[in-house]
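These notes are about the structure you will find just below.
Each reported figure results from applying straightforward, stated rules to the coordinates on display, with no laboratory input. Everything numeric here is computed off the predicted structure, so don't read it as measured data. Positions of Cβ are generated from backbone atoms using ideal geometry, with glycine treated the same way; all protein chains shown enter the neighbour counts.
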Amino acid sequence: AQELLTKISEKCFKKCIAKPSSSLDSSEQKCIAMCMDRYMDSWNLVSKAYSSRIQ
Amino acid sequence: AQELLTKISEKCFKKCIAKPSSSLDSSEQKCIAMCMDRYMDSWNLVSKAYSSRIQ
Amino acid sequence: AQELLTKISEKCFKKCIAKPSSSLDSSEQKCIAMCMDRYMDSWNLVSKAYSSRIQ
Amino acid sequence: TQKQRFQGIVHSLTDQCWDICMEKPSSRLDSKTSFCITNCVDRFIDTSNFVVNRLEKTQSTFSSELDN
Amino acid sequence: TQKQRFQGIVHSLTDQCWDICMEKPSSRLDSKTSFCITNCVDRFIDTSNFVVNRLEKTQSTFSSELDN
Amino acid sequence: TQKQRFQGIVHSLTDQCWDICMEKPSSRLDSKTSFCITNCVDRFIDTSNFVVNRLEKTQSTFSSELDN
């Protein structure tokens, strides 16, 4: 799952941290947590949609 | 030519399908057909230009 | 250092050449030279910052 | 392997459809975003199939172009 | 090797932080840009660590999702 | 191989120059777009050559930086 972790870090860093400051504040952490869950939801949804097309 | 096919699909999906809807309509198909031909034209033009520079 | 050279060419082409014309003019060359030095500065800074985090 | 190829395509589709469909991440995947992602996968596959089919019809032209 | 892995990560971080922090290249790396790059690296590592730690806590859910 | 390397560079240049030069795809490659693509390839090669030549002149500085 290394590739998924790398993608999540890149996508959620981009979505949640507009200008990097001197620490990760609580609102940024909250955003990353939600972003991470939504990215995994999306991965699962894509996986299901793609499966049903190739069967 | 697998890499070219993947590139064409990605580039033309981006150029021709702004918001994915429930089917590929005829104007999107027309756009993809033209996009595909222009991408291949571009590939050939780049190939010629690059060849003439490295000779 | 091949990967660094490729990155520098891509990033500095994008930063310094908005619309490619029929030659590389002196202001574009000046921009590429500065861009290249700043990219190497950035690479060194990132390398230092990342080193100090993993130690 | 078959499974790695499948996961590779899922990674690539998730990457592209995320950029197209996801605005601000919220506490659940809302129906508008889900709908967009499913359509994005389906239309991307339609696009790939369309490209491959159309290419097969013009195969000879294409081969000669790639052989330049 | 260890060194190649290190350089690979430095390439990727430089790529991303350059796009976020560098506006018009000038005759020296000004302090605002340096500060931005250092923070960018630190916050990116924080983000990766946060993601990995949070994933470990929900490992079982995640595994079952990936096994679908 | 030589041919694969050549095609790899052509793929990368087509990718970049397409994004810079192609607006809405039309029924033929118009002269403005063709001119832009040819210039894009030539200026990209100029840029790469400029970067490599300039690097050779400052090789020692560069090596020591990479060895940090």
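Quick notes on this one:
- With respect to chain A, whose longest principal axis is taken over its alpha-carbon atoms, helix A:26-54 is tilted by about 10°.
- The range D:2-67 - Rg over Rh from alpha carbon coordinates, Kirkwood radius: 1.16
- The other copies place their E:PHE35 label points at 4.6, 4.6 nm from this one, listed shortest first, where each point is 7 Å from Cα along Cα→Cβ.
- Lys/Arg +1, Asp/Glu -1 at C-beta; chain D dipole; positive extreme among D:THR38, D:THR58, D:CYS17: D:THR38
- Theoretical ellipticity at 222 nm over chain D - DSSP helices of four or more residues, -39500 (n - 2.57) apiece, nearest 500: -28000 deg cm²/dmol
- Comparing B:TRP43, B:LEU24, B:ILE54 along the charge dipole axis of chain B, the residue lying farthest to the positive side is B:ILE54, per the Cβ-charge model.
- Within straight-line reach of A:LYS14, meaning a Cα separation under 17 Å, sit the following lysines at least 8 residues removed in sequence or on another chain: A:LYS30, D:LYS24.
- Check: chain A dipole with +1 on Lys, Arg Cβ and -1 on Asp, Glu Cβ, in debye: 220 debye
- Axis between E and D by rotation; chain E residue with nearest Cβ and distance in whole Å recorded as E:ASP19, 9.
- Calculated [222 nm] ellipticity per residue, helices only, for chain A: -28000 deg cm²/dmol; basis is -39500 (n - 2.57) per DSSP H run with n ≥ 4, divided by all residues, nearest 500.
- For B:SER21, the label point sits 7 Å beyond Cα toward Cβ; its separations from the matching points on the remaining copies run 4.3, 4.3 nm, from shortest to longest.
- Of all lysines in the structure, those lying under 20 Å Cα to Cα from D:LYS3, and not within fewer than 8 positions of it along the same chain, are A:LYS7, A:LYS48.
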